[in-house]
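Below is one structure, written out as structure tokens; comments come after it.
The values are calculated or read from the model by the stated rules, or taken from the named source; none is laboratory data. Model, not experiment: these values are computed from the prediction. All Cβ positions, even for glycine, are placed from backbone atoms using ideal geometry, and neighbour counts span all protein chains on display. Each accessible area value is taken on the protein alone, full model and side chains, heavy atoms only, with ligands, DNA and RNA left out. Shrake-Rupley method; radii C 1.70, N 1.55, O 1.52, S 1.80 Å.
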Amino acid sequence: MLDGCRKSMEKVGGWIKKEYKKLLVMTGIMLFLVLSVVLYANSLSEDRSFQYLTKTIFQKELEGSTLSLHYTLENPEKYGIEEPEISFGDFSVDSMKRGYETMAGYQEVLAQIDREKLSKQNQLTYDILELYLETELSAQPYLLYQEPLGATIGIQAQLPVLLAEYRFETKKDIKQYLNLLQKLPMYYRSLVSFEQSKAEAGLFMSDRSLDHILQQCREFIEEDDNHYLVEVFDSKIDCIVNLSEEEKTQFKSQNRQMVQSCVIPAYEILIDGLEKLRGSGENEEGLCFFPEGKAYYEYLVKASTGDYDSLAEIEEKIQNQILADFTSLRELAVQSGTSGAVRTADSPEQILAQLREDIAQDFPEAADTVCRIKYVHSSMEDYLSPAFYLTPPIDHTEENVIYINRANDYTPLELFTTLAHEGFPGHLYQTTYFANENADPIRCLLNFEGYVEGWATYVEMYAYGLAKGDREAIESERLNRAIMLGISTLIDISIHYHGCSRDAIAAYLSKLGITSRETSDQIYDAVLEAPANYLKYYVGYLNFEELKDSWQQWKGEDFSLKEFHQKVLEIGPAQFPILERCLEEESKKA
């Protein structure tokens, strides 16, 4: 029943943008900016005071990172952001400490605003921001427990995609991009400095994890004569019609020079710096073996899932759902995949179009968008996710991109449900729908992966019901997918919170039919290098299922699945306690 377990466990898609920079921690805005908000706010109404605060946070955070600014806004000047310094930001410990000080300042200012005098919409943003700040500040004692690097979702792995997808609308964009590449060595030096601080505190990664990151870095810079960032840049320049041939040649030459003199040396700086730290990471197992690792993991679970239940309660929910799915799978008595499930040879574009049409019965109308399907460059296939959605600027959501990693070797059903996860009614649909709700811009900076990835996983499970083919085989595949994602989540908790060893996980997986030690080690390594990563998908998914059940109970005979989805989408990304409260209030309206 559990054929293809490893593939199912690895199949976590995602979106790329907001994992690159954590709000309010990296930029280190000076506290006087917060105090100026307090002084100015005294002369304003409560709503205007609050909006001034959120606008100030939004502007100053984006001014600290050119890449974040570029991917968040197409027209920064319309949001009061004029010509900020070109920078990747700073990952130094001092900068992060200043960031926490700034965050505490924001919290103090927020506390001075009378929530009850705010509009309903501002009250929602207030509650979301208040809980966000409280949660992030709880992580301050564990600053050095953060890990920005990782073979799959680390900065050094995702940054090349963000650079490759940098929009070129004007000559100014091209020049800004080339100037940004010059800053990469400095930024990677700050990453090395941070890792050195981790090593000095006894919190550096294991040599095994180090090897995975170093291998990824080395392979990325291996083909320097025909580099990924050269190939993609040249292709984009060729498509710009308002450039002369001379200008195109000049820009291409400048980019090659920047790749050779800045990008590759930056990765070499990272490689050399990390290699010098080899052997300083003594812990080869979960976070709980660090002095305050369990407390840090508890924070990670809250921050990444948006679920504020205790870990014991979350674990019980996971176990109950796995047991229920196992029971259903046994009752089906169908070997997964034996019936060929989906009978289709449609292209990704055709599948997305069909999904958009098929979801109309249970979901509100989608925003007017187009989506391009791209494929992960061969040099990155071994390290990037099987698929991911690249979030567009909030002021230009009409054009979207989904990347597919062909190394994943999708079956027709896997491709269908993956495109549901990334496209309709998943990330693309949810992102563009909320962009049309005219919410406070600050909400696009507050990262709620439990909502975002939980929603995408929830609708991925829904999409199995839309697939064409043998219904029992398709349902068997859905249950298999859900079970393995749940098991992956339990393994995450077992490793990082309960301290399960590599041997213990191998023994557990062998009972599920995964007898290869190489495979179990790969699963262990993936979980070890990205704590709480699986939880945002599965725990988020379980929360949406619980909310749907609650909505049905609240509405009774008036229950409408389409209405439930509409309310969830209108409220937008938030922590689950806030989302539940809002939905309950909405359910009581006539």
Please report the equivalent ellipsoid semi-axes of the stretch 254-394, computed as sqrt(5 x eigenvalue) of the Cα gyration tensor, largest first, in whole Å. 37, 32, 19
Can you give the convex hull volume per residue for the Cα atoms of the stretch 154-306, as a whole number of Å³? 124 Å³
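With the convex hull built on the Cα atoms of the stretch 123-162, state its orientation-averaged projected area in nm².
4.2 nm²
Please sort 79-90, 440-451 by packing, taking for each peptide the average over its residues of neighbouring beta carbons within 10 angstrom, highest first.
The most tightly packed comes first, giving 440-451, 79-90.
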May I ask you to rank Asp234, Asp207 by accessible area, largest first, using a 1.4 Å probe over the protein chains only? Asp207, Asp234
Hey, any idea what Rg/Rh is for the stretch 38-123, computing Rh the Kirkwood way over Cα pairs? 1.02
Counting every Cα pair in the stretch 194-233, what percent are over 14 Å apart? 61 percent
Surface per residue (accessible, 1.4 Å probe) for the chain, Å²: 41 Å²
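In whole angstrom, how long is each semi-axis of the equivalent ellipsoid of the stretch 342-454, when you take the square root of 5 times every eigenvalue of its Cα gyration tensor and sort them from largest down?
24, 18, 12
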How large is Rg over Rh for the stretch 72-188, taking Rg from the Cα atoms and Rh as the Kirkwood inverse mean of 1/r across Cα pairs? 1.03
Here the stretch 70-76 yields Karplus 3J(HN,Hα) values (6.51, -1.76, 1.60; θ = phi - 60°; whole Hz; Gly and Pro given as x) of 4, 7, 9, 10, 7, 10, x
Area of Phe289 that stays accessible when all protein chains are in place (1.4 Å probe, Å², to 10): 100 Å²
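Taking the stretch 137-186, how much of its Cα-Cα pair set, in percent, is spaced more than 17 angstrom apart?
Tail of P(r) above 17 Å: 54 percent of Cα pairs.
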State to the nearest 20 debye the size of the charge dipole of the chain about its Cα centre, where the only charges are +1 on K and R beta carbons and -1 on D and E beta carbons. 320 debye
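List the GluC sites (Glu not before Pro) within the stretch 343-399 that DSSP assigns to loop and that have no more than 10 neighbouring Cβ atoms inside 10 Å.
For GluC sites (Glu not before Pro) across the stretch 343-399 that sit outside H, G, I, E and B with at most 10 neighbouring Cβ atoms in 10 Å, the list reads Glu365.
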Sorted from largest down, what three extents in whole angstroms do the Cα atoms of the chain have along their principal axes? 61, 59, 56
If you consider only alpha-carbon coordinates, what radius of gyration and Dmax does the stretch 263-329 have, in Å? 19.1, 54
Taking the Cα centroid of the stretch 186-211 and of the stretch 428-461, what is the distance between the two, rounded to the nearest whole Å? 32 Å
Report, to two decimal places, the Cα Rg of the stretch 84-145 normalised by 2.2 N^0.38 Å (N = number of residues). 1.37
Stokes-Einstein D for the stretch 457-590 at 20 °C, 1.002 mPa s, Kirkwood Rh over Cα pairs, in µm²/s? 125 µm²/s
When DSSP assigns beta bridges and you keep just the ones with both residues in the chain, what percent turn out antiparallel, to the nearest 5? 40 percent
Work out the charge dipole of the chain with +1 on the Cβ of Lys and Arg and -1 on the Cβ of Asp and Glu about the Cα centre, then indicate which of Ala366, Met461, Cys500 is farthest towards its positive end. Ala366
Tail weight of P(r) past 19 Å, computed on alpha-carbon pairs of the stretch 204-277, percent: 46 percent
Long-range amide H contacts for Asn400: which residues qualify at under 5 Å (H placed 1.01 Å from N, peptide plane, sequence gap of 5 or more or a different chain)? Val370, Cys371, Arg372
